[in-house]
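One structure is given below, encoded as structure tokens.
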Amino acid sequence: MTNETENRQQSDEETLSSEGGAPVREEKVHQLDEAGSSTGAATHVVGKRKDYLEWYDFFMSAAYCASLRSKDPSTQVGACIVNRKNRIVALGYNGMPNGCSDDSLPWNRTADDQLNTKYPYVCHAEMNAILNKTTFDLADCTCFVLLFPCNECAKLIIQAGITKVVYISDKYHDKFEFRASRKLFQMAGVELVQYTPKQKKIVIDFDKIPL
Ligand SMILES: [Zn+2]
């Protein structure tokens with residue numbers, strides 16, 4: 001069994017940090033005796049919410065939300081980079097470089113001339129996240145990304161010092177660029193985890209927020 005296979009089987013083990021372990025809040029229920037004075041005898045324990053998002057689902061949701069910004073009609077990818085304290089330090093999605101109009105450049109996947117496809121121009125989500133980081137460096141960070149990184153992004157991830165990649169889709173597993181990225185990650189010792197979110201559907205309904 002390869003390391004990667006093992007990693008795929010590993011679920012969200014909360015390796016970034018534990019779930020906090022905040023103390024359960026207790027509410028004293030003061031009971032009145034017949035004379036009307038408080039005895040403070042009973043204690044009613046209020047537990048925490050059970051359906052909160054787990055860390056991995058949260059970070060993957062952030063990556064997914066970032067992907068919604070992509071103008072690419074065929075592939076929308078988001079990346080979310082997290083440090084060891086579970087802080088998000090970078091977000092990115094695939095798009096054309098700054099100052100290069102995404103109305104003027106092509107979004108085609110195929111064309112007679114490669115220059116008329118999107119490939120020479122688009123910045124991938126991982127690249128944008130790394131370049132848009134809000135921290136000094138990304139050493140020992142984890143990159144959550146919807147799609148397994150290509151070889152160009154693998155180089156950036158490795159050079160940035162990111163030591164773990166958590167991804168959902170591996171649909172290009174056998175393509176040249178992805179075989180190359182896998183090779184680089186393995187050589188550099190980057191941990192690879194294919195993750196299946198525990199919460200399959202997360203609905204954002206702004207109408208639920210009271211005005
Ligand atoms: Zn890439």
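The values are calculated or read from the model by the stated rules, or taken from the named source; none is laboratory data. Just so we're clear, the structure is a prediction, and the values are computed from it rather than from any experiment. Cβ atoms come from the backbone with ideal geometry, glycine included; neighbour counts cover every protein chain shown.
Of all residues assigned to the range 129-141, none qualifies as being more than 14 Å from residue 79 (Cβ to Cβ) and part of a helix (DSSP H, G or I). Outside any strand (DSSP E or B) and away from the ligand (no atom under 16 Å from the Cβ): is that true of residue 159 in this structure? Spelling it out, it is not the case that residue 159 is outside any strand (DSSP E or B) and away from the ligand (no atom under 16 Å from the Cβ). Restricting to the range 27-59, and then to whatever is of a type in the set (Lys, Arg) and at pLDDT 50 or above, can you tell me which residue is nearest to residue 200 (Cα to Cα)? Per the stated criteria, the residue is 50. All but one of (1) at pLDDT below 95; (2) touching a strand residue (DSSP E or B) at 6+ places or on another chain (Cβ under 9 Å) hold for residue 202; which doesn't? Residue 202 satisfies all of (1) at pLDDT below 95; (2) touching a strand residue (DSSP E or B) at 6+ places or on another chain (Cβ under 9 Å) except (2). Take residue 145 and tell me if it is in a strand (DSSP E or B), within 16 Å of the chain's Cα centre (by Cα) and either closer than 24 Å to residue 108 by Cα or of a type in the set (Phe, Trp, Tyr) (or both). Against the criterion (in a strand (DSSP E or B), within 16 Å of the chain's Cα centre (by Cα) and either closer than 24 Å to residue 108 by Cα or of a type in the set (Phe, Trp, Tyr) (or both)), residue 145 qualifies. Among the residues of the range 162-176, those identified as within 15 Å of the ligand (Cβ to nearest atom) and not in a strand (DSSP E or B) are 162, 170, 171, 172, 173, 175, 176.
Taking the range 120-155 as the range and being among the aromatic types (Phe, Trp, Tyr) and more than 16 Å from the ligand (Cβ to nearest atom) as the test, only 136 passes.
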